[in-house]
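Student: Please read through the structure below; I'll follow up with questions.
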Amino acid sequence: MVLLAWAGTACAGNAPEPDSLLAELSRCDGHFFASLHRRASELSGNPYLAKGTGFAYFKVVDRTVPEQSVRHFNAPLPTERLDVVGYFDAHMSLSADDAFLAWGFLLRAPAQEVAKATQHLIWDKERLLQDGQLYTRTELWDPAQPANGWQKVATPGGTESPPDSVERVLRIEADEKDPSLTRFGCVLQGTVTPEMLKSLRPDISGGKTSGAK
């Protein structure tokens with residue numbers, strides 16, 4: 001696993017786009033859904049965009065069914081330099097208390113190209129790790145240390161997570177079904193609480209969430 005060493009100063013042509021959806025998505029929190037709401041007029045041509053109070057999201061058929069948790073767009077989103085051609089939103093119950101949630105965009109480009117093109121956008125990009133064609137950045141929530149908030153994990157894996165903890169991971173990786181596509185998105189795994197969903201996933205915080213307590 002390799003810690004990527006991005007250039008410290010981006011050239012003018014690679015300056016971060018204002019309010020980039022990919023930049024907001026890379027935070028893996030509610031900022032992304034608030035950004036979708038702010039840019040709803042730009043995205044009005046996408047029939048799958050739904051709005052709530054202060055947030056917006058893309059609808060899939062059923063996030064609890066893997067085959068129905070991916071939405072392919074009729075046309076790429078008009079707001080990003082890369083071709084954003086779809087959205088995924090998956091939720092699985094791992095046990096009575098633990099859940100797995102994944103959400104993000106599908107981009108029509110190889111994972112390595114996506115990682116390079118978005119390096120100036122990614123939040124806390126210095127911690128992005130490369131393992132082959134997989135790029136990750138990880139944080140951990142330990143309920144025994146709530147004052148510490150989301151703790152940065154430098155080298156994920158190899159150690160046992162604390163009880164009732166939650167792992168939050170930005171993942172950039174090739175799509176399993178279509179290797180011409182790259183998944184750019186987030187994963188929450190562990191004891192995901194309703195309070196956590198209010199902050200990270202406002203689009204589902206008010207709904208019934210199997211596996212979250």
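Student: For segment 159-170, check the following and say yes or no: at least one residue is aliphatic (A, V, I, L, M), within 22 Å of Glu80 (Cα to Cα) and in a helix (DSSP H, G or I).
Tutor: Checked segment 159-170: no residue is aliphatic (A, V, I, L, M), within 22 Å of Glu80 (Cα to Cα) and in a helix (DSSP H, G or I).
Student: Another question about this same structure. Leu43: over 23 Å from Ile172 (Cα atoms) and of a type in the set (A, V, I, L, M), yes or no?
Tutor: Working: over 23 Å from Ile172 (Cα atoms): yes; of a type in the set (A, V, I, L, M): yes.
In short, yes.
Student: Would you be able to say whether some residue in segment 72-82 is over 17 Å from Glu24 (Cβ atoms) and among the basic types (Lys, Arg)?
Tutor: Taking segment 72-82 first, the residues over 17 Å from Glu24 (Cβ atoms) are 72-76.
From the residues that got through so far, the ones that are among the basic types (Lys, Arg) too are none.
For segment 72-82, residues over 17 Å from Glu24 (Cβ atoms) and among the basic types (Lys, Arg): absent.
Student: Residue check: is Leu188 under 20 Å from Tyr57 (Cβ atoms), of a type in the set (A, V, I, L, M, F, W, C) and modelled with pLDDT of 95 or more? Walk me through it before giving the result.
Tutor: Values: under 20 Å from Tyr57 (Cβ atoms): yes; of a type in the set (A, V, I, L, M, F, W, C): yes; modelled with pLDDT of 95 or more: yes.
The answer is yes for Leu188.
Student: Residues Leu121, Leu128, Leu134: which one is under 14 Å from Glu173 (Cα atoms), under 17 Å from the mean Cα position of the chain (by Cα) and touching a residue at least 60 places away in the same chain (Cβ under 8 Å)? Explain how you work it out, then say what you get.
Tutor: Details: Leu121 fails: under 14 Å from Glu173 (Cα atoms); Leu134 fails: touching a residue at least 60 places away in the same chain (Cβ under 8 Å).
Only one candidate qualifies: Leu128.
Student: Given the condition outside any loop (DSSP other than H, G, I, E, B), more than 20 Å from Lys177 (Cβ to Cβ) and among the polar types (S, T, N, Q), answer yes or no: does some residue in segment 62-77 qualify? Quick ask: steps written out before the conclusion?
Tutor: Start the filter on segment 62-77 by keeping residues that are outside any loop (DSSP other than H, G, I, E, B), which leaves 66-68, 70-72.
After this cut, where a residue has to be more than 20 Å from Lys177 (Cβ to Cβ) as well, the list is none.
Within segment 62-77 (the criterion being outside any loop (DSSP other than H, G, I, E, B), more than 20 Å from Lys177 (Cβ to Cβ) and among the polar types (S, T, N, Q)), the answer is no, since none of the residues qualifies.
Student: Sticking with this one: Identify, please: which residue in segment 31-61 is of a type outside the set (Gly, Ala, Ser) and part of a helix (DSSP H, G or I) and is, among those, farthest from Asp203 (Cα to Cα)? Outline the logic, then answer.
Tutor: Taking segment 31-61 first, the residues of a type outside the set (Gly, Ala, Ser) are 31-33, 36-39, 42-43, 46-49, 51, 53, 55, 57-61.
Retained after the next criterion (residues that are part of a helix (DSSP H, G or I)): 31-33, 36-38.
Working: His31: 12, Phe32: 11, Phe33: 7, Leu36: 11, His37: 11, Arg38: 15 Å.
It comes out as Arg38.
Student: Quick check: anything in segment 88-107 part of a loop (DSSP other than H, G, I, E, B), within 15 Å of the chain's Cα centre (by Cα) and loosely packed, with under 14 Cβ neighbours inside 10 Å?
Tutor: Restricting attention to segment 88-107, the residues satisfying the condition of being part of a loop (DSSP other than H, G, I, E, B) are 94-98.
If we keep only those that are within 15 Å of the chain's Cα centre (by Cα) too, we end up with none.
No, segment 88-107 contains no residue that is part of a loop (DSSP other than H, G, I, E, B), within 15 Å of the chain's Cα centre (by Cα) and loosely packed, with under 14 Cβ neighbours inside 10 Å.
Student: Could you tell me which residue of segment 140-155 is farthest from Glu80 (Cα to Cα), considering only residues that are at pLDDT 90 or above and crowded, with 19+ Cβ neighbours inside 10 Å?
Tutor: Trp141
The values are calculated or read from the model by the stated rules, or taken from the named source; none is laboratory data. For clarity, every value in this text was computed on a predicted model and none was experimentally measured. FYI the Cβ positions are ideal-geometry reconstructions off the backbone, even for glycines, and counts take in every protein chain you see.
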